[in-house]
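Read-outs throughout are calculated quantities, based only on the coordinates presented, and are distinct from any laboratory measurement. Everything quoted here is computed from the prediction, not taken from an experiment. Glycine also receives a Cβ, built like all others from the backbone with ideal geometry; neighbour counts cover every protein chain displayed.
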Amino acid sequence: MSWRRRLGLYLQDMHVREMVRYARFGEEKGFESAWVAESRLARDALTPVTAIATVTSRLKVGAGVINTWTRNAALIAQTFATLDELSNGRVMLGLGAWWDPLAWKVGVERRNPIKCMREYVEVIRRLFRMETVNFEGEFVKMRGVRLDVLHGAGERPRNIPIYIGATGFKMMELAGEIADGVLLNYLVSPTYNDKALEHIRKGASISGRRLEDIDRPQLIACSMDEDADRAIQLAKKHVTMTLGQQPHIMKASGVSQDLIDEVQRIMGGWPAKPGGIEKAAEIVPDSVVQLITASGTVDDVVKKVNEYAAHGCTAPLLLPLSGNVEYVIEKISGA
């Protein structure tokens, strides 16, 4: 299937009403989906997902991702069964393992995230099937728990796809084994996907599935402008922030350790000192931005998205960094 029929938006770092407006515009322009991020302590995902589902009729709506540490598995199942009812079957659940130091700062110890994810996916899926669940895991405990839906949508099973937001290869193997799809990360190079596919395929084989059975939408940082140089500069701050915040992803994509170390030194740690990100951005080469984002003119962006698709992405989810979201939606949908 052509990625042009599976275009999605990845919405974060903007006013909730803007998320809703852009999602509606994306639906008008033929986009398949809109996903809402929940990573930093900025905006939760569920409020905008609810708003978007209310004002659209065809667009699939995903929470991509919420973490497995701050919401009980039964509460997640209850919430998404409700969203499924609201959206007439268009909602998607994305689960992630969160990240440190944010988790540590709020008192969450992220021990054995692979096992935690396995338990959450198993129990939530059983609850979606309207089973009565008894489960005594390390992280999830259910004692005769069932979704108690007596009215409205009734007792029907909920066909809600579960995606795992994976960056580490062990989590990708788990996603291949138990999830409906893996939400591939952004700010990685297209060739990074090749290694990821190996591990997704390995996990899929454990449960008797093929790689083709696992959906693989990917977040793609996108900066688009008629002036290619301007587009690259607009993306650079976000790239610099990630170099300091998640250096393991940058290193896996081929960014030199020397650059990562120098960026972190100038930033002054994480969170960055005032002005640290802007100062560090001055030493980040344009080539690094071009390696891990789709930045430049419309043709440049399309070419880069084609690269991600050639390396296993089944649906590009565009995260606009250039501020001109409607321009990006309009141009990419007509490309």
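Things to note:
- Over the C-alpha atoms of region 1-154, the Rg to Rh ratio, Rh being the Kirkwood estimate, stands at 0.99.
- Alpha carbon centroid spacing (whole Å) that separates region 109-147 from region 29-80: 20
- Based on the Stokes-Einstein relation at 20 °C and a viscosity of 1.002 mPa s, and on the Kirkwood radius from alpha carbon pairs, region 66-191 is assigned a translational diffusion coefficient of 139 µm²/s.
- Length gained on full extension, GLU85 to LYS105, computed as 0.36 nm times the residue gap minus the Cα-Cα distance: 3.7 nm.
- Given LYS105/LYS273; LYS105/LYS195; LYS60/LYS237; LYS29/LYS303; LYS29/LYS236; LYS195/LYS331, the pairs whose alpha carbons are separated by over 24 Å: LYS105/LYS195; LYS60/LYS237; LYS29/LYS236; LYS195/LYS331
- Here r is the Cβ-Cβ distance between LYS29 and ASN159 and R0 is 25 Å; the resulting FRET efficiency, rounded to 0.05, is 0.40.
- With the convex hull drawn around the C-alpha atoms of the chain, the volume per residue stands at 129 Å³.
- For region 1-64, trypsin sites (Lys or Arg not before Pro) meeting the loop criterion (DSSP other than H, G, I, E, B) and having at most 16 other Cβ atoms within 10 Å: LYS29, ARG40, ARG58.
- FRET efficiency for the pair LEU211 and ARG17, taken as 1/(1 + (r/R0)^6) with r the Cβ-Cβ distance and R0 = 56 Å, rounds to 0.90.
- Relative contact order %, the chain, counting alpha carbon pairs below 8 Å whose residues are six or more apart: 17
- Most mobile of LEU259, LEU317, LEU174 in a GNM of the chain (Cα contacts under 10 Å): LEU259
- Of the residues VAL133, VAL302, the one with the fewest other Cβ atoms within 10 Å heads the list, and the complete ranking is VAL302, VAL133.
- Each principal axis of region 227-296 carries a Cα extent, and these read 32, 26, 15 Å when sorted largest first.
- Here the Kirkwood formula puts the hydrodynamic radius of region 164-257 at 14.3 Å, using every distinct Cα pair.
- Restricting the GluC sites (Glu not before Pro) of region 237-335 to loop positions (DSSP other than H, G, I, E, B) with no more than 11 neighbouring Cβ atoms within 10 Å leaves GLU282.
- Fully extending the segment from HIS248 to ASN134 would add 37.3 nm, taking 0.36 nm per residue of separation and subtracting the current Cα-Cα distance.
- Low-density loop positions, trypsin sites (Lys or Arg not before Pro), region 131-191 - DSSP coil, at most 15 other Cβ in 10 Å: ARG146
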